[in-house]
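The values are calculated or read from the model by the stated rules, or taken from the named source; none is laboratory data. Quantities reported herein were computed from a predicted structural model and do not represent experimental measurements. Don't worry about glycine lacking a Cβ; one is built from the backbone with ideal geometry, like all the others, and counts go over all protein chains shown. Ligands, DNA and RNA are stripped out before the accessible areas are found, and what is left, the full protein with its side chains, is counted by its heavy atoms. Shrake-Rupley method; radii C 1.70, N 1.55, O 1.52, S 1.80 Å.
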Amino acid sequence: MQITVSSHALRRQRLFLLVVFLLGMARGAGAEVPADVALLHGRIHTQDAHRTVVEAMALRGNTIVAVGTQRAITALVGPHTKTIDLQGRTVLPGIIDAHTHPAESAPDLAKCSLGDKRLTPPQIKTRVGACLKENPGPPAQWFEVVQVNPTGLNLTRADLDAILSSRPLVLSGADGHTAWANSSALAAAHVTAATRDPAGGRIERDANGRPTGTLRDDAIEVVIGARPPPTLDYEIAQLQKAFAAMRATGITSVQDASVDEHLMQVYKRLYDAHNLNMRVRGCFHLVDLHRSARQLIDEAVKFRDRWAVDPEFLRADAIKIFADGVIEYPSQTAALLEPYLDADGHPTGNRGPSYFEQNNLNRMVSAADAAGLSVHVHAIGDRAVRATLDAFAYSRRENGPGDNRDQIAHLELVNPADFPRFKELGVIANFQLLWAERDDYIDYGTLKYLGPGRSRYIYPARSLRDAGALIAGGSDWNVSSFDAFEAMEHAITRAEARGKPALLPQESIGLQDMIDAYTINAAFALKQERTTGSLESGKRGDFIVLDRDPFSIDPYDLHEVRVLSTYLDGREVYATRGR
């Protein structure tokens, strides 16, 4: 039988053979092309699936081309290869902060800070007075104070006006959910007794309904929104300073946990000027959760499409939902399954507010998942955590299993019945374990208002890990430090420092768990594990060189770990002086 082959098919066959030949030639040539950079004589934690530790690594351009033995990598060194003798130093993948607020928080670097120290109203007046004397600013300018410790703090409107009455004054709590405004600031924002509480927030009032000056959650925006905004150029300059400080601690990627149009413009300006020097993923903040789910998610999809700037360096393909506020007294805006206790241990009628209707939250999460958006939820109290898990369960029933990397952040109080649901539903536990310590927030604002039974499950990192949850690490800066090694120390020791009492040491997790949380697990949470999070051939050159091996020191000394150099996309973007 004669077989006839068309000329078109023959041409395709010849083309295929030519491509195969050229690919083979390219592979053979590529094996002999020297590396651009070779790191030798080190202890490189690759964070691959086997957590392999190797001696050396080679890069070509922005990409890792080999990791392995000294001999194997030396074979890739050519006459123009830059060789770095690590002299036995430790290398880790770049730190990925999976929950932070760089663009929003950067302007705070220049404001009066009270350092999150527990102060009385007279002490606050003295400290703010010193700031005013040192940097008064123009007479009509708003004066802003940050990092005010809200634990047990009751500032009256009279207290605030006594600090400053001639111009607007706003104090921002270190918890990120409390603020205080004097009469001038309230007037500028048109906040009166007739002003209604915004959805997701509360204006504290006296017995006559008059605002006291204390603002909770989204009520803060009512006043802050009246403040003359800083210039875009100023915000960009401050963000550059913040990112430089982050790179000095080894951070190469961030998930901004709450962005809007303006904050994305700040990032975009840095990107356009080739000064971003950080991988950024934004979570679009959904406001007014009483709107229809369709309206909210349609808005989020348009936002994602509008800000799909660069798949590796700038995108906004996640949404942010606030399910509640904070747990500490006197705020107590976290949503609890059972009521808060009073100072004497007796139940109150307060279980915390509800910032959403469950049916609407279900539809919102389901629609976001169907649209391919990661859902990132702030949930502090056990009722908020359960309601969020219920919404994810609804979404899984509606949409089937997916790969959206949904997350719940903070997780200060979780009911044990909900531990296994994280693995079952594929929900990432996004912890800020710098807070897992005995401090004023815990001792004076939390424990006695929850009672010993519930307090057993504060920041339950080990319980969730043992139940199979994937743990990612974040800082929530500027609520707290973005130093990941300090957070690792607290996660392991559950204490503020050596010699200090520990907070539920049975909930401690190990150093490898925390390295995972800030590298490969965080990369997975940000949907960038194919390019970052581990040091493997084909991945981007995001890595850090340390002055000591975290695995060989006392966990109480982890806060002393220093980054000697930080590489992003194969380029050195930070180097310590005198290295």
Angle between the chain longest axis and helix 358-370 axis [Cα atoms, degrees, rounded to 10]: 20
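Measure off, as a whole percent, the carbon and sulfur share of the 1.4 Å-probe accessible area of the chain, all protein chains present.
Numbers: 12840 of 24530 Å².
Taking all protein chains in place, the chain shows 52 percent carbon and sulfur surface.
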Calculated FRET efficiency for the pair Lys241/Thr126, C-beta based, R₀ 35 Å, to 0.05: 0.80
Chain lengthening between Arg562 and Glu357 when straightened (0.36 nm per residue, less Cα-Cα): 69.2 nm
Non-local Lys pairs in the chain, i.e. 8 or more apart or on different chains, that have alpha carbons under 22 Å apart: 20
Two-site label geometry, Arg397 and Thr74: point separation in nm, points 7 Å out along Cα→Cβ: 6.4
For the chain, Cys with no neighbouring Cys Cβ under 4.7 Å: Cys283
Kirkwood estimate for the stretch 402-557, i.e. one over the average of 1/r between Cα atoms, Å: 16.3
Rounded, prolate or oblate (a/c below 1.5 giving rounded, otherwise prolate when a/b exceeds b/c) for the stretch 148-226 by Cα gyration tensor: rounded
In order through the stretch 299-309: 3J(HN,Hα) via Karplus (6.51 cos²θ - 1.76 cosθ + 1.60), integer Hz, x for Gly, Pro: 5, 5, 5, 4, 5, 4, 5, 5, 10, 7, 7
The stretch 424-482 - Rg over Rh from alpha carbon coordinates, Kirkwood radius: 1.01
Placed amide H near Ser258: partners under 5 Å, 5+ positions off or other chain: Cys283
Leading residue at positive end of dipole, the chain (Cβ point charges), from Ala189, Val128, Gln528: Gln528
Table column - 3J(HN,Hα) (Hz), the stretch 102-111, Karplus curve with 6.51, -1.76, 1.60, x for Gly and Pro: x, 5, 5, 8, 3, x, 5, 4, 9, 8
Positive-end extreme of charge dipole, the chain - chosen from Pro34, His490, Ala417 (charges on Cβ): Pro34
Alpha-carbon Rg/Rh ratio, for the stretch 31-178, with Rh computed the Kirkwood way: 1.32
Simple spin-label estimate for Asp298 and Thr195 in nanometres, 7 Å along Cα-Cβ: 3.1
The stretch 439-478: trypsin sites (Lys or Arg not before Pro) falling in loop per DSSP and having at most 15 other Cβ within 10 Å: Arg456
For the stretch 524-579, alpha-carbon Rg over 2.2 N^0.38 Å: 1.32
Approximate spin-label separation Asp233-Leu109, in nm, with each point projected 7 Å along Cα-to-Cβ: 1.8
Accessible area expressed per residue, the chain, with surrounding protein chains retained (probe 1.4 Å, Å²): 42
Around His99: net Lys/Arg minus Asp/Glu count, Cβ-Cβ under 12 Å: -1
